[in-house]
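The values are calculated or read from the model by the stated rules, or taken from the named source; none is laboratory data. All values reported here derive from a predicted model rather than from experimental measurement. All Cβ positions, glycine included, derive from the backbone under ideal geometry; neighbour counts span all protein chains shown. SASA here: full protein model, heavy atoms, side chains in, ligands and nucleic acids out. Shrake-Rupley method; radii C 1.70, N 1.55, O 1.52, S 1.80 Å.
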Amino acid sequence: MRFVISREALIKPLQLVAGVVERRQTLPVLSNILLVAEGDQLSMTGTDLEVELVGRVTLDEPADAGSVTVPARKLMDICKSLPDDARIELALSGQKMVIKAGRSRFSLSTLPAAEFPNVEDSPQALDLNLTQGHLRHLIDQTGFSMAQQDVRYYLNGMLLEVANGQLRAVSTDGHRLATCVADVVADTDSSHQIIVPRKGILELARLLQNGEDGVRLLIGANHIRAQVGDFIFTSKLVDGKFPDYQRVIPRNGNKYMLGDRQVLRQVLSRIAILSNEKYRGVRLLLTSGFLQVMANNPEQEEAEETVAVDYDGESLEIGFNVNYLLDSLSILNSETVRFTLSDANSSALIEGVDEADSLYVVMPMRM
């Protein structure tokens, strides 16, 4: 096996594929990426048994065909350290992969390609097409609400729901919920729900650009596969039942506050400085035309600030985790945001006035 490739052509796909590989592995071969050279094509595969990414690169000249696995991090670090215009030759010599570029020479240990695991295919149930920009937007608008290492394992990921020509993303950590929807071309009219694990969502997001190029999603019983340009991404699905998000979204709010998103962000950021470092609670006091934001901490330090808002309901005092409010305000794009509230014990619904596709729910805190 031997092939020659420019550093420029190799570095980006190599970084993406190596990014899937976990540093600590139970099987030595999982620290490696699989290289397969055939004709003028080089394919690179990385996996952690949950997520798999295959990247394909066209070579400048036909390769001596072959396949082998090499240490992912070491190969990536070597290629990153070489000059931008380097031409890299990789050749298998016995049990070693010899890498040459200019006057540099490296020799890496290898493991046989036969030891590299494949993510098994599952019967395909659904075929979707949408733009990379739309899928990236769905993930960006909701990904921050995914749980991390929650015992309710089905929260450590994102719900993707296909229904009525739309793809909806929903994530929640039990304290807040985010949802966003985009149009999609599907090969079925029936509704379908899957949960993609957190790592799968993060790795998929790294592949996506914000443009109009298409992405094809193939959803099976146990896997989701995405075809993005020269990459094929596969992730196992979480086997579990996601909470009924429709029941979580408050429908009976009767108090509406409109405010400038950036002004509210700045006020909350300032007041948060003196909030309790552990619980991050702030109190909001709504009165006609004004919002007062207050916080204190165990050192008896206090902060408060009043800001003008569009509100003419009865006065209401309610507590929230300030980080959850700031996350929602940071991800929205509208200049004006709407808070829909009902009472001190009910969740708040947060929306951008000009963004019909996204909404956020934040549970209150007892202060």
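In region 122-133, the residues that are open to solvent by 30 Å² or more (accessible area, probe 1.4 Å) reach residues that are part of a strand (DSSP E or B) and among the charged types (D, E, K, R) with C-beta atoms within less than 9 angstrom, at least six apart or across chains, in these pairs: Gln124/Arg225; Asn129/Arg216.
Arg265 fulfils the conditions (1) crowded, with 16+ Cβ neighbours inside 10 Å; (2) in contact with a strand residue (DSSP E or B) (Cβ under 9 Å, 6 or more places away or on another chain); (3) at pLDDT 95 or above except for a single criterion, (2). The set of residues in region 230-262 that are charged (D, E, K, R), touching a Gly at 6+ places or on another chain (Cβ under 8 Å) and open to solvent by 50 Å² or more (accessible area, probe 1.4 Å) comprises Asp230, Lys236. The residue that is farthest from the chain's Cα centre (by Cα), among those in region 136-176 that are assigned to a strand (DSSP E or B) and within 15 Å of Asp327 (Cβ to Cβ), is Arg176. The C-beta contact set for region 206-221 (first residue under 16 Å from Leu126 (Cα atoms), second residue open to solvent by 90 Å² or more (accessible area, probe 1.4 Å), distance under 8 angstrom, 6+ apart or interchain) comprises Leu218/Gln124; Ile219/Gln124; Gly220/Asp121; Gly220/Pro123; Gly220/Gln124; Ala221/Pro123. Note on region 94-106: among residues that are free of Cβ contacts under 8 Å to residues at least 12 places away in the same chain and part of a strand (DSSP E or B), the one that is farthest from the chain's Cα centre (by Cα) is Arg105.
Entry remark, region 106-136: residues being of a type in the set (A, V, I, L, M, F, W, C) and closer than 30 Å to Ala186 by Cα number 6 in total. The numbered conditions (1) open to solvent by 50 Å² or more (accessible area, probe 1.4 Å); (2) at pLDDT below 95 are all true for Leu202 except (2).
For region 305-321, taking the residues that are in a strand (DSSP E or B) and hydrophobic (A, V, I, L, M, F, W, C), the one that is surrounded by the most Cβ atoms within 10 Å (Cβ to Cβ) is identified as Phe320. Applying a threshold of 6 Å to beta carbon distances and a minimum spacing of six or more residues, or different chains, the list of pairs starting in region 176-199 at a residue that is touching a residue at least 40 places away in the same chain (Cβ under 8 Å) and ending at one that is among the basic types (Lys, Arg) and open to solvent by 20 Å² or more (accessible area, probe 1.4 Å) reads Val181/Arg168. Pairs meeting the criteria (first residue in region 304-317 and of a type in the set (Phe, Trp, Tyr), second residue at pLDDT 95 or above, beta carbons under 6 Å, at least 6 apart or on different chains) are Tyr311/Met257; Tyr311/Leu286. The residues in region 113-135 that are part of a loop (DSSP other than H, G, I, E, B) and of a type in the set (Gly, Ala, Ser) can be counted, and the count is 1. Is region 322-332 home to any residue that is open to solvent by less than 50 Å² (accessible area, probe 1.4 Å) and assigned to a strand (DSSP E or B)? No, there is no match, as no residue in region 322-332 is open to solvent by less than 50 Å² (accessible area, probe 1.4 Å) and assigned to a strand (DSSP E or B).
Restricting Ala9, Ala91 to residues that are surrounded by fewer than 19 Cβ atoms within 10 Å (Cβ to Cβ), in contact with a Lys or Arg (Cβ under 6 Å, 6 or more places away or on another chain) and of a type in the set (Gly, Ala, Ser) narrows the list to Ala91.
I need a count of the residues in region 34-47 that are surrounded by fewer than 18 Cβ atoms within 10 Å (Cβ to Cβ) and not polar (S, T, N, Q). So the answer is 3. Do we have any residue at all in region 163-177 that's over 30 Å from Glu317 (Cα atoms) and among the hydroxyl-bearing types (Ser, Thr, Tyr)? The answer is no; no qualifying residue exists.
Of the residues Ala356, Ala344, which single one is modelled with pLDDT under 95 and either surrounded by fewer than 16 Cβ atoms within 10 Å (Cβ to Cβ) or part of a loop (DSSP other than H, G, I, E, B) (or both)? Result of the check over Ala356, Ala344: Ala356. Here is a check on your reading of the model: is Val282 free of Cβ contacts under 8 Å to residues at least 60 places away in the same chain, in contact with a strand residue (DSSP E or B) (Cβ under 8 Å, 6 or more places away or on another chain), closer than 18 Å to Arg338 by Cα and among the aliphatic types (A, V, I, L, M)? No, not satisfied. Residues that are touching a helix residue (DSSP H, G or I) at 6+ places or on another chain (Cβ under 8 Å) and not in a helix (DSSP H, G or I) within region 1-26 comprise Val21, Glu22, Arg23, Gln25, listed in sequence order.
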